[in-house]
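Take a look at the structure below.
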Amino acid sequence: MWKTYTGLNPHIKEVLKLIESKEQSEIVNDHIALRTFNHKKVNKNKLAEFFVNSGYNFVEDLHFDQKKLDASYYVHPDDKLPRIFISELRIQDFSTEFQNKINMIIDNIDDKELSDPLFLTNGTPWEKISYLDYKKVQDESDYAAWVLSHGYIANHFTVSVTDCTFFKNLKQINLFLKQNGFEINSSGGEIKGSSNIGLEQSSIMAKNILVKFSDGDFEIPGCYYEFAYRYNGFDGFITNSANHIFESTNEKKA
Ligand code: NI
């Protein structure tokens, strides 16, 4: 998953290199996030099967009414393995045209495409959509437009700043990345959460990458990198913080 994610988004590797240039210790991954739709063929439970079959355990469901999506996360008994965070968009909460488009695309997936766990790194198991459709879907949901154009790849990996030795907090790592030309997602403030609730998160904004559509190649937001700092062994996620982090792949409106 790391290979596909960084192959498509070379800036993620640059960020890691910058962090590694300061850190003595090995960088620990806090969690990997995946995105999908609540269609029975590809919903979050379906994506989770591969992780559950590899020993991951379900922890909790989270609900994001404003973003019209739900998520679940999973942990592995081997705590060196990252948490897995899978969200799914509530298709039924959108326009009829939107629902028909998404359902048609997913209905047409060949089940064989979804039987190999590698489909989680293979991108779109459906035919390339048109850029026109991408824009239409994006009018209703940036999240849906992201999933339709990129398919199944990691949406983000997350540096556990808790495990860093050079970087003591998110403020320091955010400043360092800004000084190196990266944009920090400032929706809801650059740092989401607090020590009181047990978790602080920040992220760089996704950079635009060239993606193939049925009618040509276009630059659209790719993936981002997240940073997490956990306090007092807090192991979960905070709905209000994640709400803002989701916006890291939003396209800038002119
Ligand atoms: Ni995350």
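The values are calculated or read from the model by the stated rules, or taken from the named source; none is laboratory data. Computed from a prediction, not measured in an experiment: that's the story for all the values here. No Cβ is skipped: glycine too gets one built from the backbone with ideal geometry, and neighbour counts run over all protein chains shown. Heavy atoms of the whole protein, side chains included, go into the accessibility calculation; ligands, DNA and RNA do not. Shrake-Rupley method; radii C 1.70, N 1.55, O 1.52, S 1.80 Å.
The table that follows gives values for the structure above.
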| item | result |
| --- | --- |
| Residue pairs meeting the criteria (Cβ under 7 Å; at least 6 apart or on separate chains; first among the aromatic types (Phe, Trp, Tyr), in the stretch 14-28; second open to solvent by less than 90 Å² (accessible area, probe 1.4 Å) and part of a helix (DSSP H, G or I)) | none |
| The stretch 80-92 residues that are away from the ligand (no atom under 16 Å from the Cβ), paired with ones that are among the acidic types (Asp, Glu) and open to solvent by 10 Å² or more (accessible area, probe 1.4 Å) (beta carbon under 6 Å, 6 or more apart) | none |
| Residue selected from the stretch 189-238 under the condition open to solvent by less than 10 Å² (accessible area, probe 1.4 Å) and of a type in the set (D, E, K, R), by the criterion farthest from the ligand (Cβ to nearest atom) | LYS192 |
| Residues (more than 16 Å from the ligand (Cβ to nearest atom), open to solvent by less than 50 Å² (accessible area, probe 1.4 Å) and not small (Gly, Ala, Ser)) located in the stretch 151-170 | TYR152, CYS164, PHE167 |
| Cβ-Cβ under 8 Å pairs, at least 6 apart or on other chains, the stretch 218-237 side free of Cβ contacts under 8 Å to residues at least 12 places away in the same chain, far side of a type in the set (A, V, I, L, M) and more than 14 Å from the ligand (Cβ to nearest atom) | GLU219/ILE209; GLU219/LEU210; GLU219/VAL211 |
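Condition check ((1) open to solvent by 50 Å² or more (accessible area, probe 1.4 Å); (2) part of a loop (DSSP other than H, G, I, E, B); (3) not aliphatic (A, V, I, L, M)) across all residues:
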position: PHE98; (1), (2), (3): no, no, yes
position: GLU127; (1), (2), (3): yes, yes, yes
position: LEU132; (1), (2), (3): yes, no, no
position: ASP139; (1), (2), (3): yes, no, yes
position: TRP146; (1), (2), (3): no, no, yes
